[in-house]
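What follows is a single structure, written as structure tokens, with notes after it.
What follows is calculated from the coordinates using simple rules that are stated; it is not laboratory data. Note that the structure is predicted; figures quoted are calculated from it, not measured. Glycine also receives a Cβ, built like all others from the backbone with ideal geometry; neighbour counts cover every protein chain displayed.
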Amino acid sequence: PRKEVPTPRATLKALQTACRAGDRHAAAQSLLDLARAEWPDYPPRGLGELAQRVDAGADEVRALDRSLYSSAHGDWDGGALWKALGKGLDRQILNVPHQDFLAPLYP
């Protein structure tokens with residue numbers, strides 16, 4: 001069963017709130033919720049995979065991902081993430097996986 005995904009509008013509002021508050025965990029959750037709405041059949045499993053699927057904001061998504069595992073807590077800029085992704089995800093068409101996750105070994 002799929003996890004219930006908030007509307008993109010509600011998710012963007014949650015992302016904005018998280019970015020303004022500097023809440024990296026809430027921002028990460030909002031981004032993954034937004035990605036589930038964008039790719040419901042094959043959502044990214046994490047921020048690293050999400051960064052590979054977007055044009056604008058990939059560097060900011062990677063910075064957020066790094067900050068989640070960093071011992072230094074003052075190194076994440078929520079403003080930069082919001083500036084890059086405040087209008088939603090800008091899909092990178094070439095990096096969106098197809099329905100087939102694995103190509104046949106011997107076509």
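Of note:
- Cβ-placed point charges (K, R +1; D, E -1), dipole of region 8-57 about Cα centre in debye, nearest 20: 180
- Stretching Arg20 away from Ala56 to a fully extended chain increases their span by 11.0 nm, per 0.36 nm per residue minus the current alpha-carbon distance.
- For Val54, nonlocal amide neighbours, meaning residues 5 or more places apart or on other chains whose placed amide H falls under 5 Å from its own, are Gln92.
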